[in-house]
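I have placed the structure first, in the form of structure tokens, so that the comments after it can refer back to it.
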Amino acid sequence: MKKKIPPPIVTLLFGSAIYLMEDFFPLLRIPYAVLFSLGFVVFGLGIFIAAVLSFKKYQTTVNPLKPETASTLVVDGIFNLSRNPMYLGMLLMLCAIAVQFNPVGGFIFCPLFVAYLTVFQIIPEEQAILELFEAEFVEYKKTVRRWI
């Protein structure tokens, strides 16, 4: 896979854009935004941590820039619900920032984040994984969605 921007850095960039561009979008305050935001953080971190622990359980790489070094196709646990739970966790963290600081900007930047990661990270990862795990990955793709 060609060198990419690591997904956590992409998340940080999108999160910064949501936060810093608050003044560029109409002001919209959500009642109990702190609670909703906290819920997104807890849920997002939980999903992210569950995915990392699954990778560690199977002693395979967590490095999204080198999917070709994966030793095992992880398909159980949180990976029964999403093929990309770490990225889903990152998206939920962006939703937390958006709810708290810039809901209108988040409505724009969160889908852009999904599109960016899908095109520049997930699709190339899936091509590398397909080469490694062929039929097993094809079957997995039939039963589990890319995001949720």
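Values for this structure:
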item: Subset of the range 1-45 [among the hydroxyl-bearing types (S, T, Y) and in contact with a helix residue (DSSP H, G or I) (Cβ under 6 Å, 6 or more places away or on another chain)]; result: T11, Y19, S37
item: Any hit, the range 61-68, residues being modelled with pLDDT under 95, open to solvent by less than 40 Å² (accessible area, probe 1.4 Å) and out of contact with any Pro (no Cβ under 6 Å at 6 or more places or on another chain); result: yes
item: Lone qualifier among A115, A50, A70 - being more than 17 Å from F137 (Cβ to Cβ) and in contact with a helix residue (DSSP H, G or I) (Cβ under 9 Å, 6 or more places away or on another chain); result: A50
item: Of all residues making up the range 98-124, the number that are within 16 Å of P64 (Cα to Cα) and open to solvent by 20 Å² or more (accessible area, probe 1.4 Å); result: 7
item: Filtered residue count, the range 14-40, keeping only those that are of a type in the set (D, E, K, R) and closer than 16 Å to L112 by Cα; result: 0
item: Hits in the range 1-22 (condition: in contact (Cβ under 8 Å) with a residue 24 or more places away in the chain, assigned to a helix (DSSP H, G or I) and either hydroxyl-bearing (S, T, Y) or open to solvent by less than 60 Å² (accessible area, probe 1.4 Å) (or both)); result: P7, V10, T11, F14, G15, A17, I18, Y19, E22
item: Residue tally, condition open to solvent by less than 100 Å² (accessible area, probe 1.4 Å) and touching a residue at least 12 places away in the same chain (Cβ under 8 Å), over the range 23-37; result: 7
item: Test: residue in the range 135-146 that is free of Cβ contacts under 8 Å to residues at least 24 places away in the same chain, at positive phi and either more than 18 Å from the chain's Cα centre (by Cα) or outside any helix (DSSP H, G or I) (or both); result: no
item: Residue within the range 47-57 that is under 19 Å from F113 (Cβ atoms) and out of contact with any Pro (no Cβ under 6 Å at 6 or more places or on another chain) present; result: yes
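The values are calculated or read from the model by the stated rules, or taken from the named source; none is laboratory data. Fair warning: this is a prediction, and the values are worked out from it, not measured in the lab. Note that each Cβ is placed from the backbone with ideal geometry, even for glycine, and that neighbours are counted across all protein chains shown. Accessible surface areas use protein heavy atoms only, side chains included; no ligands, DNA or RNA. Shrake-Rupley method; radii C 1.70, N 1.55, O 1.52, S 1.80 Å.
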